[in-house]
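The values are calculated or read from the model by the stated rules, or taken from the named source; none is laboratory data. These figures come from a predicted structure and were not determined experimentally. Heads up, the Cβs are rebuilt from the backbone with ideal geometry, glycines too, and the neighbour counts pull from every protein chain shown.
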Amino acid sequence: MQDELKDIAARCLAGAEDDSMTFPQIVGALIDAGFEGYAVDYRAGTASYYLPAGRCFTLPIRDEGPPVAAAFDAPAIRAAIAQAQALAPGYTYAGFCRTVRDAGCAGYLVSFSGRRALYYGRTAETHVELFPDAP
């Protein structure tokens, strides 16, 4: 079972990185498998997927982006999130990662039960984004 869960996390990460899965599809697959959330750490180059009772799988991410900028630019991060939510023409996850790193985002934590994502900078500045209501 543990290998199966790690495979699901790896498929979701690959789906984000190759743009074959949307954020709602990734969230649905992870929730269905029993995950409670995940975190992406651009400085460590990892994505960690959390299960109840403290289990976690940590996987390497593609590190194609620039170093994380020192200044946290919440408006630029919000704009990148809005493009992702709208699946704007030309949107890619790699482009999103580059944009938020340029805006000082060091990583983000997604909580499925909290229905939110917390984006943080190198100085621990944060932006909390609530999941949009389902149509």
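Structure above, values below:
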read-out: Hits in region 92-113 - residues which are without any contact (Cβ under 8 Å) to a residue 24 or more places away in the chain and over 11 Å from the mean Cα position of the chain (by Cα); value: G95, T99
read-out: Test result for Y119, assigned to a loop (DSSP other than H, G, I, E, B) and surrounded by 15 or more Cβ atoms within 10 Å (Cβ to Cβ); value: no
read-out: Filter pass, D3 being out of contact with any helix residue (DSSP H, G or I) (no Cβ under 6 Å at 6 or more places or on another chain), modelled with pLDDT of 95 or more and either buried (at least 16 other Cβ atoms within 10 Å of the Cβ) or over 17 Å from G95 (Cα atoms) (or both); value: no
read-out: Hits in region 66-91 - residues which are within 21 Å of M21 (Cβ to Cβ) and either aromatic (F, W, Y) or touching a residue at least 40 places away in the same chain (Cβ under 8 Å) (or both); value: I81, A84, Q85, L87, Y91
read-out: Count - residues of region 1-26 that are out of contact with any Cys (no Cβ under 7 Å at 6 or more places or on another chain) and assigned to a loop (DSSP other than H, G, I, E, B); value: 5
read-out: Filter result (modelled with pLDDT of 95 or more, in a loop (DSSP other than H, G, I, E, B) and surrounded by 15 or more Cβ atoms within 10 Å (Cβ to Cβ)) within region 62-76; value: V68, A69, F72, D73
read-out: Top-ranked residue in region 77-109 [being among the aliphatic types (A, V, I, L, M) and touching a Lys or Arg at 6+ places or on another chain (Cβ under 8 Å); ranked as surrounded by the fewest Cβ atoms within 10 Å (Cβ to Cβ)]; value: A94
read-out: Counted residues, region 42-57 - those being closer than 13 Å to L109 by Cα and surrounded by fewer than 17 Cβ atoms within 10 Å (Cβ to Cβ); value: 1
read-out: Odd one out for A53, checked against (1) more than 14 Å from the chain's Cα centre (by Cα); (2) part of a loop (DSSP other than H, G, I, E, B); value: (2)
